[in-house]
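See below for the structure under consideration.
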Amino acid sequence: MNSIKVGIIKEGKIPVDKRVPLTPKKCVEAMQEFEGLKMVVQPSEVRCFKDEEYAELGVAIQQGLQDCNVLMGVKEVPVDELIPDKTYFFFSHTIKKQPHNAKLLRAILDKNITLIDYELLTDEKGQRVVAFGRYAGIVGAYNGILTYGKKHKLFDLKPAYLCHDIDDMQEEFFKVKLPAIKIAITGGGRVAGGAMEVLDKMEIRKVSVFDFLYKQFSEPVYAQLHSGDYNARPDVEVWDSPDFYANPHLYKSTFRKFTKVTDLFMACAYWDPRAPKLFSEEDTKHPDFKINTIADITCDVDGSIPTTKRATTIQDPAFDYNPATGNMEPAYSSEKNITIMAVDNLPCELPRNASRDFGRNIIDYVFPQFFNEDEGSMLARATIAKGGELTEKYKYLQEYADSAKRTSEV
């Protein structure tokens, strides 16, 4: 492809998402780096970067995008806003047959749209190349500390969404004065990395898993827990990561040893529904269950953390779980409750910074594929639909897409 015109679409999903796939500076950088690439931006009054910020750097503002080869957004595009015969990049949330998006996939097939899903863009090793995970971890950890401070009346932090950017948020770190608590973080990917960035900048010391379990400290500390630290296969003595990821249903959770020493838990690990839950609701009733605040950054409702009964919102980020009754109550209702932060769109709280990181990934990994004939097949692997049909890898979604057609005919 010698020349290509990319349009940044206005986000149409409600509630509104302020993020962008490329910031004004990243648009300019991309056009300078790739000869033959032209970028335009559809006007939007809700975007975290104003139209004027794009225009000032020479990026054209254009309402109609029919002349673009590729259209890029962030969230799902409303069905009535889809332009036929175009190539779209966005998070479609269809590959797990999410019920609310069956109509979207049906419309994409009917309108002969090529859909490339960011979530499916991977390198040859299967690692994702574009994601907002780091900022989910950053905001999630900050919200976890904010929630703990509010629960115990220690300090009040400005919510992340009211901060202009990450620098503004980091000014709040100086308010954090924690007692000698223990914070557990699960995961080893981008999300956990972002969470640990926050704790490190708050000067909370990282300790080994062994020390976390068996030593006492006179200062707040945290430990990073990997799958092998809290899962075990009863019939196998030696931990084997590939086996765990292939056969998670054969494993049992050993997380209970951490619930006895942890005060604040930050869940950042991907959870396979076939894997065991970390603990049970019955476990929370035990006198030795010490966790009183949970930042469920992964936000799997009724997933690895059974007390996550629902997702929360940016404006109302927490609720209480009453271990005695198993019911949800208003946040901070009782010291005996477990307070849970479970916002499911955390990167939206720092949209400018999250968008900069995301745009960096697109320039480094996605745009080169436009001009090297998709060397390595990165785009092909991430293409769900093309030419009015599902691609071979995603044929399993046919009945899901057809269900929307049947519903509309009823």
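If I filter the stretch 104-126 down to residues being among the aliphatic types (A, V, I, L, M) and part of a helix (DSSP H, G or I), which single residue comes out as nearest to Tyr365 (Cα to Cα)?
Applying the filter and picking the extreme gives Leu120.
Restricting to the stretch 193-247, what's the tally of residues that are under 22 Å from the mean Cα position of the chain (by Cα) and either modelled with pLDDT under 95 or open to solvent by 50 Å² or more (accessible area, probe 1.4 Å) (or both)?
Within the stretch 193-247, residues that are under 22 Å from the mean Cα position of the chain (by Cα) and either modelled with pLDDT under 95 or open to solvent by 50 Å² or more (accessible area, probe 1.4 Å) (or both) number 5.
Out of the residues in the stretch 248-259 that are assigned to a helix (DSSP H, G or I) and touching a Lys or Arg at 6+ places or on another chain (Cβ under 6 Å), which is least open to solvent (accessible area, probe 1.4 Å)?
Pro248
Need the failing condition index for Lys158 against (1) in contact with a helix residue (DSSP H, G or I) (Cβ under 8 Å, 6 or more places away or on another chain); (2) assigned to a loop (DSSP other than H, G, I, E, B); (3) touching a residue at least 40 places away in the same chain (Cβ under 8 Å), just the number.
Among (1) in contact with a helix residue (DSSP H, G or I) (Cβ under 8 Å, 6 or more places away or on another chain); (2) assigned to a loop (DSSP other than H, G, I, E, B); (3) touching a residue at least 40 places away in the same chain (Cβ under 8 Å), Lys158 violates only (3).
Out of (1) more than 18 Å from Ile340 (Cβ to Cβ); (2) open to solvent by less than 20 Å² (accessible area, probe 1.4 Å); (3) outside any helix (DSSP H, G or I); (4) of a type outside the set (Phe, Trp, Tyr), what's the single condition that is false for Leu178?
Checking Leu178 against (1) more than 18 Å from Ile340 (Cβ to Cβ); (2) open to solvent by less than 20 Å² (accessible area, probe 1.4 Å); (3) outside any helix (DSSP H, G or I); (4) of a type outside the set (Phe, Trp, Tyr), the one that fails is (2).
For the stretch 288-323, give me each residue that is open to solvent by 20 Å² or more (accessible area, probe 1.4 Å), among the hydroxyl-bearing types (Ser, Thr, Tyr) and in contact (Cβ under 8 Å) with a residue 60 or more places away in the chain.
Matches in the stretch 288-323: Thr298 only.
So, in the stretch 311-331, how many residues would count as being more than 20 Å from Ala267 (Cα to Cα) and among the aromatic types (Phe, Trp, Tyr)?
Residues flagged as more than 20 Å from Ala267 (Cα to Cα) and among the aromatic types (Phe, Trp, Tyr) within the stretch 311-331 amount to 0.
Which members of the stretch 83-103 meet the condition of being assigned to a loop (DSSP other than H, G, I, E, B) and either of a type in the set (Lys, Arg) or buried (at least 19 other Cβ atoms within 10 Å of the Cβ) (or both)?
Of everything in the stretch 83-103, those that are assigned to a loop (DSSP other than H, G, I, E, B) and either of a type in the set (Lys, Arg) or buried (at least 19 other Cβ atoms within 10 Å of the Cβ) (or both) turn out to be Lys86, Ser92, Thr94, Lys96, Lys97.
May I ask you to list pairs of residues, at least six apart or on different chains, whose Cβ atoms are under 6 Å apart, with the first in the stretch 260-283 being open to solvent by 30 Å² or more (accessible area, probe 1.4 Å) and at pLDDT 95 or above and the second being acidic (Asp, Glu) and assigned to a loop (DSSP other than H, G, I, E, B)?
Partner pairs satisfying both residue conditions: Lys260/Asp288.
Just one of (1) open to solvent by 30 Å² or more (accessible area, probe 1.4 Å); (2) at pLDDT 95 or above; (3) among the polar types (S, T, N, Q) trips up Ser408, so point out which.
Among (1) open to solvent by 30 Å² or more (accessible area, probe 1.4 Å); (2) at pLDDT 95 or above; (3) among the polar types (S, T, N, Q), the lone unmet condition for Ser408 is (2).
Quick one: in the stretch 324-368, which of the residues that are aromatic (Phe, Trp, Tyr) and open to solvent by 60 Å² or more (accessible area, probe 1.4 Å) is farthest from Arg310 (Cα to Cα)?
Filtering the stretch 324-368 for residues that are aromatic (Phe, Trp, Tyr) and open to solvent by 60 Å² or more (accessible area, probe 1.4 Å), the one farthest from Arg310 (Cα to Cα) comes out as Tyr365.
The values are calculated or read from the model by the stated rules, or taken from the named source; none is laboratory data. All values derive from a computational prediction rather than experimental measurement. Glycine also receives a Cβ, built like all others from the backbone with ideal geometry; neighbour counts cover every protein chain displayed. These accessible areas exclude ligands, DNA and RNA; they are computed on the full protein's heavy atoms, side chains included. Shrake-Rupley method; radii C 1.70, N 1.55, O 1.52, S 1.80 Å.
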